[in-house]
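Working notes, beginning with the structure itself.
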Amino acid sequence: MQSGQIEQITADQASAEIARLRAVLDAANIAYHQNDAPDISDAEYDAQKRRLAALEARFPEFASAASPTAQVGAAPADGFGKITHAVPMLSLENAFAGEDVADFIARIRAFLSFDKELSFTAEPKIDGLSLSLRYEKGRLVSAATRGDGAVGENVTANVAHIGDIPQKLPPFAPDLVEVRGEVYMSHADFAALNARQTAAGEKTFANPRNAAAGSLRQLDAAITAARPLRFFAYAWGALSAPLADTQAGAIQKLADFGFVTNPLTKICHGLDDLLAHYAAIETQRADLGYDIDGVVYKVNDLALQGRLGFRATTPRWAIAHKFPAQLAWTHLLAIDIQVGRTGALSPVARLAPVTVGGVVVSNATLHNEDYIAGRDSRGALIREGRDLRVGDFVQVYRAGDVIPKINDVDLSRRPADAAPYIFAQICPECGSPAQREAGDSVRRCTGGLICPAQAVERLKHFVARGAFDIEGLGAKQIEMFFNDPILPIKTPADIFTLAQRDADNPLQKLKNRDGFGDVSTAKLFAAIEARRSIGLDRLIFALGIRHAGEVAGALLAYHYGTWPALMAALDAIPADPDLRAGHAAWVELTAIDGVGAVLANSLLETFKNPTERAAIDALVAHLHIQPPPARQTEGSPVAGKTVVFTGSLEKLSRAEAKAQAERLGAKVAGSVSAKTDILVAGPGAGSKLKEAEKHGVRVLDEDAWIALIAPS
Ligand code: IVH
């Protein structure tokens, strides 16, 4: 409801309408970006936003940096050249409490079988955006944003005027150095920039991080030059010569090269020391003059960092210890149930809009029914057992970009008629029973593909980034086609018959519909056609099987190599879970490092279900499935070899030994057969050693193995 002509509106009316529009737009932003569930159309969103901008322009006294109109839209990414990072730019695992940090240290000790003193660096986690700077023969040749970690945007021209970034390095720097760090804006510069923006009638920025991102990612480098950006160096990528033996030594080198490094970086010895420095940094947080959102801990010894290596997207040798989240109180208006891709019934809190740390929040996750009832999945009390009811006054918290949560409830403000919340026992979307497995806190719809919510969520996942990633066929289009009477897409296979079905239908061609047309229809069909050829890893991930994410897709693809090999392995395993143990194909599947019984059972649950299997077979009939690209194992003496570890290892943990073997292109198996190439046997080896001798398999002790794989 809009209260008419902007020229005639009073300040009071404007103030009320501005508040309402901001709440609507913020809720829509959260629904779209955080929950992937847009609740208003793009056109409606744009209309409301234009109205809000017009009101704010007429009544500048109500302008606010937190307004949705002040959020910077991402610059057109297509406008920047792309740079492939020579070494991927990773992110960090998060710790939220001291115990998480203790776990982090324990995991490192176990992985390395290391019981001596472990030292770490601890430094502020800067809330900006990361940047990689490449210097060749001492000259800055390129600068790239993180992008998706593998490929970033070329912002070389934009960094030319950032004072903290040297254009040249001193002569003692190696020929090739990639320096990485964070671009940020100080509080003072941020406030001054927003004041200038307001004076010039330009939009203001919501926070220093948005301002830094919006300023760096400018197609017009002259605009970046006019913005006061700063840079802290804290890491590196490709190097032609090592910088030092330790993290702290390497950071000192970066300082010697002329970079600004963070003065709060400190070497800490063990958990207590780390937590003490965390507390010290937290006390200084408000006075630093720039935003930080935690403290990063990194193993100091670079040789140990090298041994620890990386998981899919994060190093094992570093962690970000985040500061506690921000809090606010508001009313819980309703609890809605959303049904996800794997059938999980997720309760969502609808809240009276409230500002939490500068962002208006009107939805929050409630996790599951136990969480609402005040228990965790093991029956232990949360919130001292206080349940949540519609009408309650609740505490909301949010940390960084994660979906807000409900933390607590004020029972003294509970309405007399508030009734305990009764969680649905049947799926609200399809009416199938919703069940809980023992030990699982999530209630799931048992409808599988007959549940429209699951079917449509799976299709959205199928076309998402990392999966089939079909241009022009996103979540919105999937919603539309799913309910389309003429050209329905109900299963993934339907995507690949779309063009033919449209061609066969004499009436109501897709190209004649609103929002389509000759060009966009041709483009869509071409994009689908292009994806008939798909990598095995992507295909596995795209199926949306519970527990089978991108990493699992890659592990299975590398292990089995082809779709028929994967199918043969799964078909060989008994459908009855009780008969699987000891079966060769089951042993092989669960021995893949990173697979395990939970994922294996979930895969089999899908592939042994006739409806699911029929849908998968129908899809595969349309595809050309590509084997995974060969791993970078040039010169590796164990590439392509099947290796089994047995007995106890003394220098390497089992996890490190396996990870290392796989990094060198070997296949690590759990049992010895005629196909095994090498058995690495430590003290205490038993039946596997006998089996190896029987098959004439090469047997090495731990030292011989280490000598074999040592770089020559
Ligand atoms: S180290 C391989 N150190 O946090 C790990 N990252 O959440 C490289 N960040 O993408 C990152 N301050 O943009 C590191 N002192 C710091 C940092 C820091 C901020 C950012 C960085 C990274 C993100 C991960």
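The values are calculated or read from the model by the stated rules, or taken from the named source; none is laboratory data. Since the structure is predicted, the reported quantities are computational estimates derived from the model, not experimental observations. Cβ coordinates were reconstructed from backbone atoms using ideal geometry, including for glycine residues, and neighbour counts include every protein chain displayed. The area values use the complete protein model at the heavy-atom level, side chains included, leaving out ligands, DNA and RNA. Shrake-Rupley method; radii C 1.70, N 1.55, O 1.52, S 1.80 Å.
If you take the Cα centroid of region 604-629 and the Cα centroid of region 242-318, the two points sit 45 Å apart. In angstrom, the C-alpha Rg and Dmax of region 202-292 are 16.9, 49.
Contour minus end-to-end for Ala704 and Ser412, with contour as 0.36 nm per residue of separation and end-to-end as the Cα-Cα distance? Before the final figure, lay out the partial values.
Working: separation 292, 0.36 × 292 = 105.12 nm, distance 6.91 nm.
Answer, rounded to one decimal: 98.2 nm.
Counted over the chain, the DSSP beta bridges are approximately 80% antiparallel.
Here His622 and Ala581 are evaluated by their C-beta separation; at R0 = 25 Å the FRET efficiency comes out at 0.10.
Name the residues of region 320-350 whose amide N is less than 20 Å from a point 7 angstrom out from the Cα of Phe482 along the C-beta direction? Only 336-349 pass the distance filter. For the chain, taking a cut-off of 4.7 Å between Cβ atoms, the unpaired cysteines are Cys268.
Cross-link partners for Lys203 among the lysines, with Cα-Cα distance under 17 Å and sequence neighbours closer than 8 places in the same chain left out: Lys49. Inter-label distance, Arg501 to His161: 5.4 nm, where each label sits 7 Å from its Cα along the C-beta direction. When Rg and the Kirkwood Rh are both derived from Cα coordinates, the Rg/Rh ratio for region 617-712 amounts to 1.09.
Expressed as a whole percentage, what fraction of the accessible surface of the chain belongs to carbon and sulfur atoms when a 1.4 Å probe is rolled over the protein heavy atoms?
Values: 17880 of 33440 Å².
So the carbon and sulfur contribution to the accessible surface is 53 percent.
The count of lysine pairs in region 634-712 whose Cα atoms are under 12 Å apart, excluding pairs fewer than 8 places apart on the same chain, comes to 4. To the nearest 10, the accessible area of Trp317 is 40 Å² with a 1.4 Å probe. Ratio of Rg to Rh for the chain: 0.97 [Cα atoms; Kirkwood radius as inverse mean 1/r over pairs]. Between Phe310 and Thr283, the modelled labels are 3.8 nm apart [label points 7 Å from Cα along Cα→Cβ].
For Lys490, the aspartates and glutamates whose Cα comes closer than 19 Å to its Cα, not counting residues fewer than 8 places off in the same chain, are Glu429, Glu457, Asp469, Glu471, Glu479, Asp502, Asp504, Glu529, Glu612, Asp617.
If you put +1 on each Lys and Arg Cβ and -1 on each Asp and Glu Cβ, how big is the dipole of the chain around its Cα centre, in Debye rounded to 20? Write down the numbers at each step before the final one.
Details: 74 positive and 84 negative charges, 163 e Å.
Roughly 780 debye, rounded to the nearest 20.
A 1.4 Å probe run over the protein chains yields, for the chain, 47 Å² of accessible area per residue, whole-number rounding. Once you reduce region 403-448 and region 493-555 to the center of their Cα atoms, the two points are 35 Å from each other.
Tell me, what is the percent relative contact order of the chain, built from C-alpha pairs under 8 Å that lie six or more residues apart?
Numbers: 1248 pairs, mean separation 66.2, N = 712.
Averaging sequence separation for qualifying contacts and normalising by length gives 9 percent for the chain.
Modelled this way, with points 7 Å down the Cα-to-C-beta line, the labels at Glu7 and Ala655 are 6.9 nm from one another.
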